[in-house]
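Asker: I'd like to ask some things about the structure below.
The values are calculated or read from the model by the stated rules, or taken from the named source; none is laboratory data. Computed from a predicted structure; not experimentally measured. All Cβ positions, even for glycine, are placed from backbone atoms using ideal geometry, and neighbour counts span all protein chains on display. When the accessible area is computed, the model is the full protein with side chains, heavy atoms only, and any ligands, DNA or RNA have been set aside. Shrake-Rupley method; radii C 1.70, N 1.55, O 1.52, S 1.80 Å.
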Amino acid sequence: MKTTKRFGYGVLVLLFAVGFVFFPQSAQSADEIKWGVLIDLSGPTSDWGKNQVKGQLDAARWVNENGGINGKELKLIVIDDGYSVDKGVAGYNRLVDSEKVIGLYIQSTGTTMTLAKKIVADGVATIAASFTSKFQNPAKTPFSFFVSPSYGTMGRIALKWIRDTWTDTSRNPKICYLYPDNKYGRDILDVCKDYAKKIGVDVGPDQVINWPTKDATVQLTNMKRYDPDYAYITSTAMNGAVILKNAKALGLKTKFISNIRNFEESLIELSGGAAEGTYGVHPIAPYGADVPGMKKIVEVHEKWHPGEKGTNVYVEGWVNILCVTEALKNADKAGELTPAGIRKAFEQFKDFDTGGLAPPLTFTPTDHRASMAAKIYQIQNAKMVDVSGWVELPRDMTYFGK
């Protein structure tokens with residue numbers, strides 16, 4: 001089954017429900033540039049996916065209304081993969097083989113890791129929502145980029161902040177990890193546990209909380225026996241909200257830190273207030289933050305989506321398209337509007353300025369780590385408040401590509 005929806009600003013959305021659907025080939029015209037978006041709009045992370053794609057679609061519309069890619073239309077082709085690896089692979093093949101996109105965005109960690117070798121073989125430029133450090137070494141994944149520190153880097157930033165703000169000299173701070181048992185959930189464990197040991201943070205028993213999360217009381221009760229000072233949640237907001245509500249009901253004193261995919265404005269609403277006082281590690285500015293690049297985003301959102309709530313996931317969608325736009329413009333100017341040319345254009349990013357929406361972004365031919373900096377936020381009075389400023393780790397090679 002297929003639903004096709006066309007928008008007036010250069011977007012084709014293909015929603016795959018079940019099975020495989022075949023379409024006639026669609027060539028790229030000289031006055032348009034086709035970019036794919038492979039994302040979950042109907043599965044266990046669809047709350048996140050819908051906000052992300054909304055930001056990308058709006059950013060693409062804004063780009064096209066402000067000159068496009070050197071006069072060419074940026075056309076997004078969106079496929080819903082339901083966070084299924086099988087559907088994701090089918091969607092990728094559809095975008096690359098039939099739609100002939102020049103590059104694409106992929107959300108799912110499982111899909112991205114499954115396709116890693118094929119992406120290299122195909123030579124297709126990709127922007128990932130999966131911030132695994134395994135895609136940051138261009139010697140192995142030359143066409144893979146993402147606009148953030150890796151999950152592991154952000155996990156280490158959280159650990160550094162815990163250690164730096166710890167005042168009890170009688171013992172080390174203690175932490176536990178809560179995550180779904182999938183590639184995304186497990187991604188940071190080895191790196192963060194090794195780093196925790198090095199800097200003096202004790203790690204307690206893992207608690208696996210799978211999706212969809214209906215109740216996490218058993219896992220939280222098990223965690224309570226260890227009595228950690230902090231618990232790091234790897235999840236998404238609609239699942240993480242259940243964890244925080246259960247923790248509040250149990251009266252836990254543990255301080256919760258959410259990872260980037262869990263820590264978004266919708267977590268505040270979905271948790272029914274249980275997120276109040278909790279923390280999150282994030283490199284993307286919250287919606288409405290007082291930074292130069294936010295003005296156009298808020299103006300566009302209020303104009304095109306009156307009465308709807310903006311989120312940092314929506315802002316991240318803008319950052320993704322702004323970075324893609326910069327790379328496409330530079331590749332086009334150089335006469336190299338090909339995946340190899342796009343890769344070269346990305347690798348020329350040097351402290352690329354997004355107007356404060358993200359930290360300055362840098363890629364090189366030997367290092368695809370966009371940034372090593374993020375902030376710790378706390379939810380105070382239902383708002384995300386910066387409590388750390390930028391926390392930055394060195395670009396050393398200890399955890400590079402791991």
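Asker: Among all residue pairs at least 6 apart or on different chains, which show Cβ distances below 8 Å where the first residue, located in the range 49-73, is open to solvent by less than 20 Å² (accessible area, probe 1.4 Å) and the second is in a helix (DSSP H, G or I) and basic (Lys, Arg)?
Answerer: These pairs meet every condition: 69/329.
Asker: Tally the residues that are of a type in the set (A, V, I, L, M) and touching a residue at least 40 places away in the same chain (Cβ under 8 Å), restricting the search to the range 102-158.
Answerer: Going residue by residue through the range 102-158, those that are of a type in the set (A, V, I, L, M) are 102, 104, 106, 113, 115-116, 119-121, 124-125, 127-129, 139, 147, 154, 157-158.
Narrowing further to those that are touching a residue at least 40 places away in the same chain (Cβ under 8 Å): 102, 104, 106, 113, 124-125, 127, 129, 139, 147, 154, 157-158.
Looking only at that region, the number is 13.
Asker: Still on this structure, please answer the following. Please determine whether any residue of the range 381-396 is of a type in the set (S, T, N, Q), more than 19 Å from residue 102 (Cα to Cα), open to solvent by 10 Å² or more (accessible area, probe 1.4 Å) and at pLDDT 95 or above. It would help to see each step written out before you state the result.
Answerer: Keep residues of the range 381-396 that are of a type in the set (S, T, N, Q), which gives 381, 388.
Subsequent filtering for residues that are more than 19 Å from residue 102 (Cα to Cα) retains 381, 388.
Right, trim to open to solvent by 10 Å² or more (accessible area, probe 1.4 Å) and you get 381, 388.
Then keep just the ones that are at pLDDT 95 or above; that gives 381, 388.
Yes; the residues of the range 381-396 include at least one that is of a type in the set (S, T, N, Q), more than 19 Å from residue 102 (Cα to Cα), open to solvent by 10 Å² or more (accessible area, probe 1.4 Å) and at pLDDT 95 or above.
Asker: I need a count of the residues in the range 124-135 that are surrounded by 24 or more Cβ atoms within 10 Å (Cβ to Cβ), of a type outside the set (A, V, I, L, M) and either more than 15 Å from the chain's Cα centre (by Cα) or in a helix (DSSP H, G or I) (or both).
Answerer: 1
Asker: Across the range 301-330, what is the total count of residues that are over 21 Å from the mean Cα position of the chain (by Cα) and open to solvent by less than 10 Å² (accessible area, probe 1.4 Å)? Can you show your working first?
Answerer: Taking the range 301-330 as the starting set, the residues that turn out to be over 21 Å from the mean Cα position of the chain (by Cα) are 302-308, 329-330.
Checking the rest, the ones that are also open to solvent by less than 10 Å² (accessible area, probe 1.4 Å) come to none.
Number of matching residues: 0.
Asker: Still on this structure, please answer the following. How many residues does the range 27-68 contain that are over 21 Å from residue 333 (Cα atoms), of a type outside the set (D, E, K, R) and in a loop (DSSP other than H, G, I, E, B)?
Answerer: 6
Asker: So which of 377, 399 is in contact (Cβ under 8 Å) with a residue 60 or more places away in the chain, open to solvent by less than 60 Å² (accessible area, probe 1.4 Å) and either under 22 Å from residue 137 (Cα atoms) or touching a helix residue (DSSP H, G or I) at 6+ places or on another chain (Cβ under 6 Å) (or both)? Can you show your working first?
Answerer: Details: 377 fails: either under 22 Å from residue 137 (Cα atoms) or touching a helix residue (DSSP H, G or I) at 6+ places or on another chain (Cβ under 6 Å) (or both).
Of the residues listed, the single one that is in contact (Cβ under 8 Å) with a residue 60 or more places away in the chain, open to solvent by less than 60 Å² (accessible area, probe 1.4 Å) and either under 22 Å from residue 137 (Cα atoms) or touching a helix residue (DSSP H, G or I) at 6+ places or on another chain (Cβ under 6 Å) (or both) is 399.
Asker: All but one of (1) in contact with a strand residue (DSSP E or B) (Cβ under 6 Å, 6 or more places away or on another chain); (2) under 14 Å from residue 36 (Cβ atoms) hold for residue 122; which doesn't?
Answerer: Going through the list (1) in contact with a strand residue (DSSP E or B) (Cβ under 6 Å, 6 or more places away or on another chain); (2) under 14 Å from residue 36 (Cβ atoms), residue 122 breaks only (1).
Asker: Moving on to the next point. Taking residue 346 and the conditions (1) at pLDDT 95 or above; (2) open to solvent by 30 Å² or more (accessible area, probe 1.4 Å), which numbered condition does it fall short on, given that it satisfies the others?
Answerer: (2)
Asker: So which of 58, 81 ends up being of a type in the set (Asp, Glu) and under 29 Å from residue 186 (Cα atoms)? Full working, then the answer.
Answerer: Numbers: 58 fails: under 29 Å from residue 186 (Cα atoms).
None of the other options fit; the residue is 81.
Asker: For the range 69-123: of the residues being assigned to a helix (DSSP H, G or I) and of a type in the set (S, T, N, Q), which is nearest to the chain's Cα centre (by Cα)? Spell out how you get there, then give the answer.
Answerer: So the first thing to find is which residues in the range 69-123 are assigned to a helix (DSSP H, G or I), and the list is 85-98, 109-122.
Of the ones still in play, those that are also of a type in the set (S, T, N, Q) are 93, 98, 109, 111-112, 114.
Numbers: 93: 22, 98: 26, 109: 10, 111: 14, 112: 13, 114: 18 Å.
Among those residues, the one meeting the criterion is 109.
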